[in-house]
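Here the structure comes first, spelled out in structure tokens, and everything after it is commentary.
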Amino acid sequence: MNSHNRLIIAVDGPAGSGKGSVCRAVAQRFGMAYLDTGLVYRALALHAIRHGVDDWQQLVGYAATLPLNFVQSAAWLDGEEVTLALRDEAVGQRASLLSAVPSIRAALLDFQRGYGGDRDAIFDGRDVATVLFPEACLKLFITADLAVRAQRRALELQLRGEDVSLDDVRFRMSERDARDAARSHAPLTVAPDAVVIDTTHLTLEQTMTRVMGEVERIWLAAGRRLPLT
Ligand code: C5P
């Protein structure tokens, strides 16, 4: 717990590992705020694409006062609803490129750390446990084999009506994984004190059971009462 008695849970992992579903369920059950930090990088990428901004300095300025907010599960950027636009594959790719720039990462820190105010909160991303909240009371690293993650992501995109092939999704995902893990600043790594959960052979329900067990443990250790359900 940090100085404000705010309980923070940090969840990291590669694209398509299922960390988002897990975080949403934890947030709902324990009444925590939830930020998918990938959306913060995606919002900046969407702005860059839509306005044709390639200059990093300009993007750093925009990032420092990022006009992004969330109303329930909808994302708004500059007063416009962008929930679906943020999920575009091209936006994810641009986000991955921009996120390798240290000054851009630094400019986005305050937005992420301040999210949720004094509320208990769960965050997911790539560097949550290592950079954003090294003091988090629970750190999870959720992962799965590339083939399984690509399959899940392709299905999700196809359900959204996007015409994608599994091979393409797998190729782009492996490219993005490699870039996220190889960058010199805040790469995707497992924090030494993180609990690693490999979901390759787990159903969503099995993953949830494991994660809920970990959250219950720290919840009780913090002297809190478990929610009824
Ligand atoms: O999680 P998601 O796939 O939406 O993130 C998009 C990109 O944003 C990632 O590929 C990664 O490069 C970047 N990112 C990051 N640090 C985070 C969250 C996302 O670098 N904490």
>> Rolling a 1.4 angstrom probe over the protein chains, ignoring ligands and nucleic acids, what is the accessible area of residue 99 in square angstrom, nearest 10?
In response: 10
> In whole Hz, what ³J(HN,Hα) sequence does the range 123-132 give by Karplus (6.51, -1.76, 1.60; θ = phi - 60°), x for Gly and Pro?
Replying inline: 10, 10, x, 10, 10, 5, 7, 8, 10, 5
>> Under 5 Å between amide hydrogens, which residues at least 5 positions from residue 197 or on another chain qualify, with H placed 1.01 Å from N in the peptide plane?
In response: 141, 142, 143
> Given a 1.4 Å probe, how much area per residue of the range 112-213 is accessible, in Å²?
Replying inline: 51
> When averaged across all projection directions, what area in nm² does the alpha-carbon convex hull of the range 34-118 cover?
Replying inline: 5.2
> With charges set only on the Cβ (+1 for Lys and Arg, -1 for Asp and Glu), what does the dipole of the range 34-118 come to about its Cα centre, in debye to the nearest 20?
Replying inline: 180
>> Tell me the carbon and sulfur percent of the accessible area for the chain, rounded to whole percent, probe radius 1.4 Å.
In response: 54
> For residue 34, which sequence-distant residues (separation of 5 or more, or a different chain) have an amide H within less than 5 Å of its own amide H, given hydrogens modelled in the peptide plane?
Replying inline: 122
> How many percent of DSSP beta bridges within the chain run antiparallel, rounded to 5?
Replying inline: 25
> Counting Lys and Arg as +1 and Asp and Glu as -1, what is the net charge of the other residues whose Cβ lies under 10 Å from the Cβ of residue 153?
Replying inline: +2
> Taking the Cβ of residue 127 as the center, what net charge do the other residues with Cβ under 9 Å away carry, scoring Lys and Arg +1 and Asp and Glu -1?
Replying inline: +1
> Average projected area of the Cα convex hull of the chain, in nm²?
Replying inline: 12.5
>> I'd like the accessible area for residue 83: 1.4 Å probe, protein heavy atoms, all chains in place, Å² to the nearest 10.
In response: 40
> For the chain, with only Lys/Arg (+1) and Asp/Glu (-1) charged at the beta-carbon, what is the dipole magnitude about the Cα centre, in debye rounded to 20?
Replying inline: 500
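The values are calculated or read from the model by the stated rules, or taken from the named source; none is laboratory data. Bear in mind that the values here come from a model prediction, so they are computed numbers and not experimental data. When we count neighbours, we look across all protein chains shown, and the Cβ atoms used for this are built from the backbone with ideal geometry, even at glycine. Heavy atoms of the whole protein, side chains included, go into the accessibility calculation; ligands, DNA and RNA do not. Shrake-Rupley method; radii C 1.70, N 1.55, O 1.52, S 1.80 Å.
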